[in-house]
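Beneath this line is the structure, given in structure tokens, with notes to follow.
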Amino acid sequence: MASVKSYKFGDPGTPKFPDDFEILKKAVLQVTDLKTNHNKYYGLELHEGKVKGALVYRVFTHYGRTDDLETNPNAGQKEVRFAATRAEAEGLYREIYGEKTSARKGYKELALASSKIGSGKARGTSSGAVDAKTIAKIEAGKAAGAAPAPAVKRSELQPALAALVKYLYDEATEALTTTVQAKITAEGIETPLGVLTIGQIEKGEAILDELYDHFKKKTASRAMMESLSSDFYTMIPHRIGRSRAMVDAAVIDTLEEFHQKQETLQLMKDMLQVNGDKGTVLYDSQLDGKYDALKCELGPLERTNPTWQEVADLVQKSQLRTRTIRVQSVYSVKRPVEHAAFAAGVPNQRLLFHGSRIKNWVGILSRGILLPKIVVSLGVNRTDAGWLGSGIYFGDASCTSAGYTSPGRPGTRFLAVTRVALGNVKDFTKITYGLSAPPAGFHSCHGVRARPGVTSQFADDEYVIYDSRQQRLEYLVEFKM
């Protein structure tokens, strides 16, 4: 590679190359290395053109620091190298690719639905091993682009429902774009390098799973945690910062950090899911489309409705430790898929509470409450998936579930009132890690709250199911505390 002269793209002395060329190969590479504080990209393309009937070849490169692209999409250095034959050009391309992706350099190839770096001809096209679902979405977008744009319709949503939909989507979008180095555009989740694919997010998940496995087994050194964290950020660009303190703090090495990263990846998948096949829901300002994308029936209840008062009383009167929760709004919830799958034959059904951060509600309403990979208790460093294993947790005191919520910009929070089919319940007074199902003969587990006359390691009553079909959302409650 050293024997092939490189030219700065656009310099007067650069050999001429036809504007009408074909891109034979291309790759977008990225490396984040927390140890060396590197956060760099490298775009690589092989071009074929024709001059007076003869084929000519060049290798085009574009490289620089990834975070510089946020403020200047044309940042970085662009260079070209020329070759006499296709075989020579392909050899040069392979040599550069191999050197950049070697263990010494550490670059990884990204799968992007639409690239934002490289030559003008490469920008806006997919790059890397794009998954089938993303390819289908790209094709659907092309077909939609050929058709005339539909007339903008006035929203048919009730004002209260429209306000809720806007609130939840705004908070999810804000949470995503302030954590991940990305923004929401008409094409989807767009990073400085291009639009992320589902496949790219799944690569990030695989690295996080590997890192978490080492963390649980305590088999990873600090250097390994740093290296795998770097690999994660290479796949899923984050806003890390440039100072040494910020870079050191970015190493994923606590249970809370694993939980946060898992939530971020789930949020990304949720946002891509609700974005629809045509990829316009998030970018389109029409709230009706955003509501339809949830595939969830939401109904604002008036304060004069007896059900509003029943739900508000259930929330406010169940408080044990605090008396600060004040209900602002109540919405009926029905997810048709969830209702159809609900284990109605399991007895001992109760209305229990489930709280979550403000950014998660677009996902919860659109796909339901998921069995978690990681559960974090408030104020306690857990060493496993949860005090009663990896299940879905509920509380019978609203203040317990409210502790897992976070406020949106207007200052309100949300929790769900959920119908839970507890069936035969196994009581526990001691923390029991590692459960993935209730004991034989039981449908659910109950961490019994410590109180006078009852010695227990549980500060609050915690009800856990291990089959998502044993719950369905009934109400969404907006509150302040």
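What the table shows:
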item	result
Residue in region 77-123 that is surrounded by the fewest Cβ atoms within 10 Å (Cβ to Cβ), counting only those that are assigned to a strand (DSSP E or B) and hydroxyl-bearing (S, T, Y)	S114
Inter-residue pairs, beta-carbon under 6 Å, first over 12 Å from A89 (Cβ atoms) and in region 1-26, second β-branched (V, I, T) and assigned to a loop (DSSP other than H, G, I, E, B), 6+ apart	Y7/T14
From the options R65, R58, residue that is basic (K, R), closer than 22 Å to G128 by Cα and at pLDDT below 95	R65
Only one of L69, L44 that is in a helix (DSSP H, G or I) and within 38 Å of the chain's Cα centre (by Cα)	L69
Residue, nearest to G241 (Cα to Cα), within region 39-56, restricted to residues that are among the small types (G, A, S) and surrounded by 13 or more Cβ atoms within 10 Å (Cβ to Cβ)	G43
Filtered residues of region 333-376 (kept if of a type in the set (G, A, S) and in contact with a helix residue (DSSP H, G or I) (Cβ under 7 Å, 6 or more places away or on another chain))	A341, A343, G355, S356, G363, S366, G368
Region 313-345 - residue that is in a helix (DSSP H, G or I) and in contact (Cβ under 8 Å) with a residue 24 or more places away in the chain and, of those, surrounded by the fewest Cβ atoms within 10 Å (Cβ to Cβ)	P336
Matching residues, region 234-256, being in contact with a helix residue (DSSP H, G or I) (Cβ under 9 Å, 6 or more places away or on another chain) and hydroxyl-bearing (S, T, Y)	T234, T254
Residue in region 196-222 that is surrounded by the most Cβ atoms within 10 Å (Cβ to Cβ), counting only those that are among the small types (G, A, S) and part of a helix (DSSP H, G or I)	G204
Filtered residues of region 68-105 (kept if more than 19 Å from G10 (Cα to Cα) and in contact with a Pro (Cβ under 7 Å, 6 or more places away or on another chain))	L69, E70
Filter pass, L69 being crowded, with 20+ Cβ neighbours inside 10 Å, under 19 Å from R239 (Cα atoms) and either assigned by TED's automatic domain parsing to the domain that holds I189 or touching a helix residue (DSSP H, G or I) at 6+ places or on another chain (Cβ under 9 Å) (or both)	no
Enumeration of residues in region 170-195 that are more than 15 Å from L112 (Cβ to Cβ), under 12 Å from the mean Cα position of the chain (by Cα) and buried (at least 22 other Cβ atoms within 10 Å of the Cβ)	A172
Identity of the residue in region 228-253, touching a residue at least 12 places away in the same chain (Cβ under 8 Å) and over 18 Å from the mean Cα position of the chain (by Cα), that ends up nearest to V28 (Cα to Cα)	L228
Yes/no for A103 being at pLDDT below 90 and small (G, A, S)	no
Pairs with Cβ under 8 Å, 6+ apart, first in region 259-271 and in the same structural domain as K203 (by TED's automatic domain parsing) and touching a residue at least 12 places away in the same chain (Cβ under 8 Å), second assigned to a helix (DSSP H, G or I) and of a type in the set (D, E, K, R)	E263/K359; L265/E205; L267/K359; D270/R367
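Yes/no matrix, rows are residues, columns are (1) outside the structural domain of Y63 (by TED's automatic domain parsing); (2) within 30 Å of E297 (Cβ to Cβ); (3) modelled with pLDDT of 90 or more:
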position	(1), (2), (3)
E88	no, no, yes
L110	no, no, yes
R123	yes, no, yes
I138	yes, no, no
P148	yes, no, no
A151	yes, yes, no
D170	yes, yes, yes
G194	yes, no, no
I198	yes, yes, no
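The values are calculated or read from the model by the stated rules, or taken from the named source; none is laboratory data. From a predicted model like this one, the values you see are computed outputs, not experimental measurements. So basically every Cβ, Gly included, is an ideal-geometry build from the backbone, and we count neighbours across all protein chains shown.
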